[in-house]
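Working notes for the structure below.
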Amino acid sequence: MDTLKPAPRSIVGDIGSQRLLPRESPLAMAPGDLGRDRIADRVPAPTTSTMAWRRGLILLSTAALTGAGGYEMYRVLQVGGVTVLEALVLALFLVLLAWVAFSFASAVVGFFVLLAHRPDEDAFAPGVELPAIASRTAMLLPTYNEDPHRLTARLRAIIESVEATLHGELFDWFVLSDSTDPDIWVAEEKALLALRQALGTPRLYYRHRADNTARKAGNISEWITRFGAVYDFMIVLDADSLMSGKTIVRLVHAIETNPTAGLVQTLPMIVNARSLFSRVQQFAGRLYGPLIAAGVAWWHGSEGNYWGHNAIIRVRAFAEAAALPQLRGRKPFGGHILSHDFVEAALMRRAGWGIYMLPRLGGSYEEVPPSLLDFAARDRRWCQGNLQHLAVVPARGLHWVSRLHFMVGIGAYLTAPLWLLFLLLGMLISLQARFVRPEYFPKGFSLFPTWPAQDPVLAIWVFVATMGLLLLPKLLSLVLVWTRRSARGQFGGALRTSAGVLAEIVVSALMAPVMMIFQSIAVVEILAGRDAGWQTQRRDDGTVKRRELYRKYGVPTLCGVVMAASAYAVSLPLLLWMSPVIVGLLFAVPIGALTASPASGKLFATPEDRDLPPVLRRANELSASAAGGIKPALTELREDAALLAFHVAQLPPPSVARPDTIDPNLAVGRAKIDASDDFEQAAAHLSTREIFSILNDGAVLSAMLRKR
């Protein structure tokens, strides 16, 4: 067999005059440990001296609203005595109302914060001069089987935006690939070579991991332990991330001027939405998001949370405190932590580093899944990750606000089955009253009968008040647009914005019951031990095949049929009362198809639609002009000598790649190559896993490519 020896270690880092990777500067990461207590006397700089008062206000408001609502619900149920089923309904209502009240209190605070804010005094306004910075920052872009053309288009737009600030020499760029599809892996290399040539910068690097240990968190940790020592900060991007150069410079300045800051982030805005589902999400995030972010930043202070991307992180703080432990037990609760960002923020705060939020900074963008099914698939993974946090909540030394973040994340998924159980118990009580003969005179002496009844008028008022807590934050966001001329113009006027809010409420109300079923199924599956795995997120137009619609929406539709039949069996008024939930479930298939289809941007227009930010416009132009299609990996390497040299130079020596192990896929692939008459025949018989293993072995790859 022909062989190709790996390049000597001394020249692995160079192709021509450009280095593939910088010289390694290892930075050790402390082992992750949830059992140790606070590990430093460091105290993060407070954002205000009144933080205790602010947090007390949020918690007391939540308690007051929950207590008042719970008392009124008790009055609804206590007519004739509270039965066991009614007691369960009351308990569920208290839990769910506390969840709603907590979000409501934070949102109302955000409204008053934004109402008092004067845009002309904003330090982050577009016309304000950029601050000077001096620190060295690494821009990290982890990727997993993403479209390399769109990936490098977004990356180029960000790089050009940073270079335009005249601070470009302070930033190094790393594409950190965990891709397992061999065709995508080689296409990434080709796209990066083209990008390096187009930009003419030697500070753009690419690294591919053959072993995807710990997924994205492991990808970042591996980079730190190899290259982290020479960098002050790192900004972690997602494959769909966009950030303007000005925003990046201001993030660097913010963390430079606060030596106790471990992480600083802003609020990413959704862009490039095309389907009805994604446009609704984009509109809601753009209109309601700033109010919610302003509220949480007001009371989080230096104990904020981390959303996993578009944030700047102090490298040494992360290495010192944020290594993730392996959770005990089997998947889905054990093993690597999926929702790593919450845990990393909590561990850094435990070590005395502040986690801060700059909600008004702007210039940070992301995309959203194009359909409800794609959103639910991603949400399934997030559900498992958040439920894993049940094992992290008791960790020693955590700040109580960090524990609260975990509980909020867990509650975001547990509330779905609780709402479903609440509805089912309510219907069961109605069915019991309709079909089960009541016991008017219980055992023992009683002068008067016990009448099974509730107060229907008071029940309506309790329902209206609960819906008010859910909807009022959206209306407050609309009020903010009404009261500011610039905001009205950005959203297309007060009338169009109001119509958009009304339409968003209707569409979201129709989709909410389906998501309730999906999340309830996800919780049950996780509790039953089913792992979510790691799937690539779809980022196309959201089109869903008819067979997929029927298969995925079949369970919600069946639930709608059962609920409708049960409600109608009791009475027509109960069916009408339950109609907001039942309609969304009964028509899950057409709603799913409609929301996945392309939609006009006129109704759900956002400021970024009407006036594209320069970095977004540039990224979209580059994506539209990018070469489409991906060739087979082996064909690409056979036809492009420079690409082959780039690929082979990255491969570690065999002793490093596979010490004392035999890769069965490589062994089978080698045998197939030997048994084949030519290149085309060998390529046709190799599986994806075999090709992947061959790409990781320079000798076998050489033998394959030398086939005639």
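The values are calculated or read from the model by the stated rules, or taken from the named source; none is laboratory data. The structure presented is a predicted model; accordingly, all values stated were derived computationally and were not measured. As a convention, Cβ positions derive from the backbone with ideal geometry for all residues, glycine included, and neighbour counts pool all protein chains shown.
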Do you know which of the residues in region 169-179 that are more than 21 Å from the chain's Cα centre (by Cα) and either among the acidic types (Asp, Glu) or at pLDDT below 95 (or both) is farthest from Met243 (Cα to Cα)?
Glu169
If we ask which residues in region 381-440 are among the acidic types (Asp, Glu) and either modelled with pLDDT of 90 or more or buried (at least 18 other Cβ atoms within 10 Å of the Cβ) (or both), their number turns out to be 0
Answer yes or no as to whether Tyr205 is under 26 Å from Ser25 (Cα atoms) and crowded, with 22+ Cβ neighbours inside 10 Å.
no
Applying the selection to region 108-167, what residues are on the phi > 0 side of the Ramachandran plot and either of a type in the set (Ser, Thr, Tyr) or touching a Ser or Thr at 6+ places or on another chain (Cβ under 7 Å) (or both)?
Asn145
For residues that are assigned to a helix (DSSP H, G or I) and among the acidic types (Asp, Glu), scanning just region 82-129, find the one that is farthest from Ala297 (Cα to Cα).
Glu86
Considering each residue of region 267-290, count those that are β-branched (Val, Ile, Thr) and in contact with a strand residue (DSSP E or B) (Cβ under 9 Å, 6 or more places away or on another chain), and give that number.
2
Note on Pro598: of the conditions (1) crowded, with 18+ Cβ neighbours inside 10 Å; (2) in contact with a Ser or Thr (Cβ under 8 Å, 6 or more places away or on another chain), unmet is (1)
Checked region 146-162 for anything closer than 21 Å to Leu130 by Cβ and either in contact with a strand residue (DSSP E or B) (Cβ under 9 Å, 6 or more places away or on another chain) or crowded, with 24+ Cβ neighbours inside 10 Å (or both); matches are Ala157, Ile158, Ile159, Ser161, Val162
Tally the residues that are assigned to a loop (DSSP other than H, G, I, E, B) and in contact (Cβ under 8 Å) with a residue 60 or more places away in the chain, restricting the search to region 35-81.
17
Which helices (runs of 4 or more DSSP H) sit wholly inside region 594-708 and have at least 3 residues that are at pLDDT 90 or above and closer than 30 Å to Val501 by Cα?
607-610, 614-625
Kindly provide the set of residues from region 609-635 that are under 24 Å from the mean Cα position of the chain (by Cα) and within 24 Å of Thr543 (Cα to Cα), ordered by number.
Asp609, Leu616, Ala619, Asn620, Ser623
Are there any pairs, at least 6 apart or on different chains, whose C-beta atoms fall under 6 Å, with the first in region 419-446 and of a type in the set (Lys, Arg) and the second modelled with pLDDT of 65 or more and part of a helix (DSSP H, G or I), and if so, which?
Arg434/Val570
Qualifying residue in region 309-316 (condition: small (Gly, Ala, Ser), closer than 29 Å to Met51 by Cα and in contact with a strand residue (DSSP E or B) (Cβ under 6 Å, 6 or more places away or on another chain)):
yes
Identify, please: which residue in region 57-106 is more than 11 Å from Leu469 (Cβ to Cβ), of a type outside the set (A, V, I, L, M, F, W, C) and crowded, with 20+ Cβ neighbours inside 10 Å and is, among those, modelled with the highest pLDDT?
Ser106
Would you say Glu188 is closer than 20 Å to Ala633 by Cβ, surrounded by 21 or more Cβ atoms within 10 Å (Cβ to Cβ), of a type in the set (D, E, K, R) and touching a residue at least 60 places away in the same chain (Cβ under 8 Å)?
no
For residues that are free of Cβ contacts under 8 Å to residues at least 60 places away in the same chain and over 20 Å from Pro268 (Cβ atoms), tally how many sit in region 367-393.
3
For region 603-626, name all the residues that are within 21 Å of Ser275 (Cβ to Cβ) and of a type in the set (Asp, Glu).
Glu608, Asp609
Ser623: passes all of (1) among the small types (Gly, Ala, Ser); (2) in contact (Cβ under 8 Å) with a residue 60 or more places away in the chain; (3) under 29 Å from Glu690 (Cα atoms) but (3)
